[in-house]
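Worksheet: one structure, shown below.
Please treat every number below as a calculation from the coordinates, not as lab data. Not measured: the values here are computed from a predicted model. We place every Cβ from the backbone using ideal geometry, glycine too, and count neighbours over all the protein chains shown.
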Amino acid sequence: MNLQKCDKCNTQFKWGKISKSLFLAYRPIQCNQCGMKHRITFFSRIIISLLIVPPIWIFSFIISNQLSLSTSYTVSIMIIYSVLISLFFPFLVKYSFDY
């Protein structure tokens, strides 16, 4: 698992820069070295959605009801899961060169 690199100059993007891009509605990343813009790929958007939405839906509607968990406990677990999985997003997403 490596962080994305610039397609033009091969400079590695910083974890914080990628995270900021993801949390600001997939804003393009500009390379600090060469200034080229990179946009998140459609496939990466799908991966992020699949890692967040289905597990939360399954947990909140199926598992929490079967285990009779309280609403506050269920919401807390979903928030913790979302935060933990989002720490790995910068390693999973791919950006493409913006022409």
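For the range 14-24, the criterion of being among the polar types (S, T, N, Q) and within 10 Å of the chain's Cα centre (by Cα) is satisfied by at least one residue. Show the residue pairs meeting these rules: Cβ distance below 7 Å; 6+ apart or different chains; first residue within the range 69-92 and farther than 18 Å from residue 45 by Cβ; second residue among the hydrophobic types (A, V, I, L, M, F, W, C). Matching pairs, first to second residue: 77/59; 78/56; 78/59; 81/56. Close contacts from the range 4-25, counting a first residue that is in contact (Cβ under 8 Å) with a residue 40 or more places away in the chain and under 12 Å from residue 36 (Cα atoms) and a second that is aromatic (Phe, Trp, Tyr) and not in a helix (DSSP H, G or I), with Cβ to Cβ under 6 Å and a gap of 6+ residues or different chains, come to 7/97. For the range 1-54, a tally of residues being touching a strand residue (DSSP E or B) at 6+ places or on another chain (Cβ under 7 Å), within 30 Å of residue 77 (Cα to Cα) and of a type outside the set (Phe, Trp, Tyr) returns 7. Within the range 31-46, the set of residues being without any contact (Cβ under 8 Å) to a residue 60 or more places away in the chain and within 18 Å of the chain's Cα centre (by Cα) comprises 39, 40, 41, 42, 43, 44, 45, 46. Screening the range 12-99 for helices (runs of 4 or more DSSP H) wholly inside it with 3 or more residues that are farther than 22 Å from residue 1 by Cα and not charged (D, E, K, R) returns the ranges 42-58, 71-86. Scanning the range 66-99 for residues that are polar (S, T, N, Q) and surrounded by 11 or more Cβ atoms within 10 Å (Cβ to Cβ), we see that the one that is farthest from residue 31 (Cα to Cα) is 74.
Screening residue 52 against (1) free of Cβ contacts under 8 Å to residues at least 12 places away in the same chain; (2) of a type in the set (A, V, I, L, M, F, W, C); (3) touching a helix residue (DSSP H, G or I) at 6+ places or on another chain (Cβ under 9 Å) leaves a single unmet condition, (1).
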